[in-house]
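The structure appears right after this line, and notes come after that.
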């Protein structure tokens, strides 16, 4: 809607002004004067005579009242800071005429075309300094920056202006989406925290149940340790718990007794046939029968009868032996033996203690054909457990030595499998890292049946996931091992060839790990071109930082790390077997301490 401050469309004579209707209370009469220019008639400068003399002059009536208009910028919206979204601006403006001549001279058909453009020009730079979600701040800045009253060259003065800004529809949708995404993120974190708490709660309950099951099993094993676990005892135990199975239990016992008697008869029959064979072949003579009767060959009543029937010189019955010594081959005495017939048999050989050696006197008595004594391997049982975590770099910087790292794991398995005493004390876990970390072997006791984990080269090199994962694994696994035996402080062997790509984030996770109650000893080994300062920061304590020659071949450096790993793990296991927790690096040639690095 247009607005003109000139009340008459075309000039009218001054004398006809009284016939005009709907005139505002305040207006000015503007007409041309002789010699050029314009003049404004006022009560002060025009008398009644002058008005009568000038009644035929053509004049314009200019509205001098106050005007208020409100408009919304649609064709020229105000853009925000990103120049992609726009503010919806509503301008409430008040204006009046201060120079009627300028108004007549400009002859504006719509005064609003002179009011809004200067305002928009002043508003636009301020709006461009704010983001789309800062409409209130931009509105305050704009309203505070307008210096009112403002005189326009068209003879108009702006005495009032108020601007209201709101994001346009597209921007409001963007803000709503971003706000919803933020709320969803907060809710997601809350739900995640609750889920983690519930999971930990359930895990604690499961651990309590597991501990209860373990204690009950231990009590059952202790109770069964004093029970004689033969067939008869098992049946009687079952019968005590299930009295209703008496008939079935008695049937089982009868069958067992019949089986025992049958086995005894078979054994005696084989003994009889053996003695008859020996008598028939002349291996046993009459002089040997007293020794058989004394139980050298495990004689029984049936065997005595067989001997009587075979020789005719022995008594009709051989008394059963009082003890059951180990049967030894009978030696025939020569006819000229000093003892003669009926002489006492030679004494049994001296016994040899398990795992020991035969005394000289016993060895002299023993014949040259006697079997060697049995040797029992009496290895000491592990007093403590030594958890070991091997963390290997498989980033692009270490890709050239990944095969050698696989060989290092195989060598470590062979070492532990060939040393059962050490393997009983060592619990080994293997982790590989590049951009992420992967547990390739959970903490376990190594044997020949343990699968050697495979290693594959990855992308990226980030340390923070390694220490975060160790912070999750070490406390849980230490608590589990403490239920089995005394546990030494865990040891981490970390081999790295690539500098970290996660900036200082890894150092915060590293510090949290070292501040934990179950903080491990960290042996860091740097190979290749890695920054030695990084290797020194990883190690804990500082003297456990080692590095290979930066110009050395990666495969050779990996082999040196393998020797360090084997020698130190062997030392850890032996210390744990002896009840010690000493950690001493068995450093091979080629790995040097990292010293003097800030």
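The values are calculated or read from the model by the stated rules, or taken from the named source; none is laboratory data. As the structure is a computational prediction, the values presented were derived from the model and not from experiment. Positions of Cβ are backbone-derived with ideal geometry, glycine not excepted, and every protein chain shown enters the neighbour counts.
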Suppose the filter is assigned by TED's automatic domain parsing to the domain that holds residue 435, over 18 Å from the mean Cα position of the chain (by Cα) and surrounded by fewer than 19 Cβ atoms within 10 Å (Cβ to Cβ); does residue 515 pass it? no
Checked against (1) assigned to a helix (DSSP H, G or I); (2) modelled with pLDDT under 90, residue 573 satisfies every condition except (2)
For the structure I just gave you, tell me whether residue 158 is in contact with a helix residue (DSSP H, G or I) (Cβ under 6 Å, 6 or more places away or on another chain) and under 30 Å from residue 81 (Cα atoms). no
Tell me which residues, restricted to segment 30-58, are closer than 18 Å to residue 98 by Cα and either modelled with pLDDT of 80 or more or in a strand (DSSP E or B) (or both). 30, 31, 38, 39, 40, 41
Residue under question is residue 104, and the condition is that it be assigned by TED's automatic domain parsing to the domain that holds residue 41, modelled with pLDDT under 90, within 30 Å of residue 61 (Cβ to Cβ) and buried (at least 19 other Cβ atoms within 10 Å of the Cβ); does it hold? yes
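For (1) surrounded by fewer than 10 Cβ atoms within 10 Å (Cβ to Cβ); (2) at pLDDT 80 or above; (3) over 30 Å from residue 480 (Cα atoms), each residue gets a yes or a no:
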| residue | (1), (2), (3) |
| --- | --- |
| 211 | no, yes, no |
| 216 | no, yes, no |
| 229 | yes, no, yes |
| 240 | yes, yes, yes |
| 244 | yes, yes, yes |
| 247 | yes, yes, yes |
| 257 | no, yes, yes |
| 262 | no, yes, yes |
Does segment 145-162 include one or more residues that are farther than 30 Å from residue 6 by Cα, modelled with pLDDT under 90 and surrounded by 10 or more Cβ atoms within 10 Å (Cβ to Cβ)? yes
Restricting attention to segment 77-115, report how many residues are within 20 Å of residue 159 (Cβ to Cβ), without any contact (Cβ under 8 Å) to a residue 60 or more places away in the chain and part of a loop (DSSP other than H, G, I, E, B). 2
Of the residues 426, 459, 439, only one is closer than 23 Å to residue 384 by Cα, touching a helix residue (DSSP H, G or I) at 6+ places or on another chain (Cβ under 8 Å) and touching a residue at least 12 places away in the same chain (Cβ under 8 Å); which? 426
Given the criterion in contact (Cβ under 8 Å) with a residue 40 or more places away in the chain and either more than 21 Å from residue 390 (Cβ to Cβ) or part of a strand (DSSP E or B) (or both), identify the matching residue among 536, 559, 547, 555. 547
Please go through segment 6-23 and pick out each residue that is part of a strand (DSSP E or B) and within 19 Å of residue 102 (Cα to Cα). 6, 12
Restricting to segment 507-533, name every residue that is touching a helix residue (DSSP H, G or I) at 6+ places or on another chain (Cβ under 9 Å) and farther than 12 Å from residue 471 by Cβ. 507, 521, 522, 523, 524, 525, 526, 527, 528, 529, 530
